[in-house]
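I have placed the structure first, in the form of structure tokens, so that the comments after it can refer back to it.
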Amino acid sequence: MAEEPDAASRRPATIGDVARLAGVATSTVSRALSTPGRVNEATRQRIVAAAAELSYVPSTQARSLVSGTTRTVALLVPDIANPFYFGLIRGAQRQLRAAGYAQLLVDTEESAEIEAETIDLMRKSADGVILAASRLDERQLAALAQRQPIVTVNRDVPGVPSVILDTPDGARQALMHLRSLGHRRIAYVGGPADSWSNARRWQALEAAAPELGVELHRSGPWMPHADAGAAAADTVVGTATASIVFNDVLAFGMLRRLRERGVRVPEDLSIVGCDDVFGADFCEPPLTTVAAPIEEAGRVAVTMLLETIGGTGSGRTRAVLPTYLRARRSSGPAPTD
């Protein structure tokens, strides 16, 4: 009859098993496997051989306790269903994977409270946090940056590393585009009231409108969802001949409502979105929109965060990425009275 394996052989090997086989302390095994330069080479080889013999695999938790790092970065986005964030998620994940890190993705549901609670929970389970379109105020973000490494995307707070998409310039480009088509009464359909990007775009439009001879109207605030587009569209019809919309998803909802009402786009009303998300080029009509290098923003944010974590920063704490207008068929000449 075959001999029944003992308890140790039926369970995964532990660091204690490796230490006993190699004839060293468990702390020596930890150092040999995490920071091999701190252990005598002969001892290290003996420990590596013992670990291989036992098929020992260090746990993530154990490595974290030894090194003080998790090799994990949290990415917080306000709405995971918004296709604008797809590129950011992809760019950040690829950059993190190349650096040997994992990405932890969290949807904060457009809530500052959920965002703050999540960041607090991440203090021990992630080495750093990337905050996209944070709903926290400047005081909260500055305090967080003192406690743990963070980088914001589309928020500019003194002392907090940030990656900024220059959508205010994109909004100005959209206004100039519509004015060149003969539009004088233009509405801005705004996003959430607590959106930093929304406030900056409105400020840019307000500053540019007088010199372009534009009568600027404002509608909102609106949640940046397609469902809000119907009510938003109703506020614009009859008050403007063109509309610049906070984001493409809201613009999609407006296009659907305008079609239901028999309002022709762009013959009766021109629509310009922002973000150039997936679907903007094959909705009907294809959407004129402000395009942003969002995947690059994810890569840059990760680079800045890892420099902060590793203490190898280049001194750059702010990166501004340009935007540009992508003209399609949803914008056209102003209707004649």
Would you say ALA199 is among the hydrophobic types (A, V, I, L, M, F, W, C) and more than 27 Å from THR69 (Cβ to Cβ)?
yes
Quick one: which strands (runs of 3 or more DSSP E) lie wholly within the range 68-155 and hold at least 3 residues that are crowded, with 18+ Cβ neighbours inside 10 Å?
72-77, 128-132, 150-153
Scan of the range 232-276 for residues that are open to solvent by less than 30 Å² (accessible area, probe 1.4 Å), closer than 24 Å to ALA133 by Cα and not in a strand (DSSP E or B), ordered by number:
ALA232, PHE246, ASN247, ASP248, VAL249, LEU250, ALA251, GLY253, MET254
Restricting the search to the range 112-160, which residues are among the aliphatic types (A, V, I, L, M) and over 22 Å from ILE80 (Cα atoms)?
ALA142, ALA143, LEU144, ALA145, VAL157, VAL160
Scan (1) touching a Phe, Trp or Tyr at 6+ places or on another chain (Cβ under 9 Å); (2) part of a loop (DSSP other than H, G, I, E, B) for the single condition VAL160 breaks and write down its number.
(1)
Under 6 Å by Cβ, and 6 or more places apart or on different chains, what pairs join a residue from the range 22-33 that is within 11 Å of ARG46 (Cα to Cα) with one that is assigned to a helix (DSSP H, G or I) and open to solvent by 30 Å² or more (accessible area, probe 1.4 Å)?
ALA22/ARG46; VAL29/ILE15; ALA32/ARG44
Within the range 191-214, identify whether any single residue is within 23 Å of ASP268 (Cβ to Cβ) and surrounded by fewer than 16 Cβ atoms within 10 Å (Cβ to Cβ), and answer yes or no.
yes
Take the residues in the range 156-176 that are of a type outside the set (Gly, Ala, Ser) and under 18 Å from GLY91 (Cβ atoms); name whichever of them is most open to solvent (accessible area, probe 1.4 Å).
ASP166
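The values are calculated or read from the model by the stated rules, or taken from the named source; none is laboratory data. The structure presented is a predicted model; accordingly, all values stated were derived computationally and were not measured. All Cβ positions, even for glycine, are placed from backbone atoms using ideal geometry, and neighbour counts span all protein chains on display. Remember, those area values only see protein heavy atoms, side chains included, never the ligands or the DNA or RNA. Shrake-Rupley method; radii C 1.70, N 1.55, O 1.52, S 1.80 Å.
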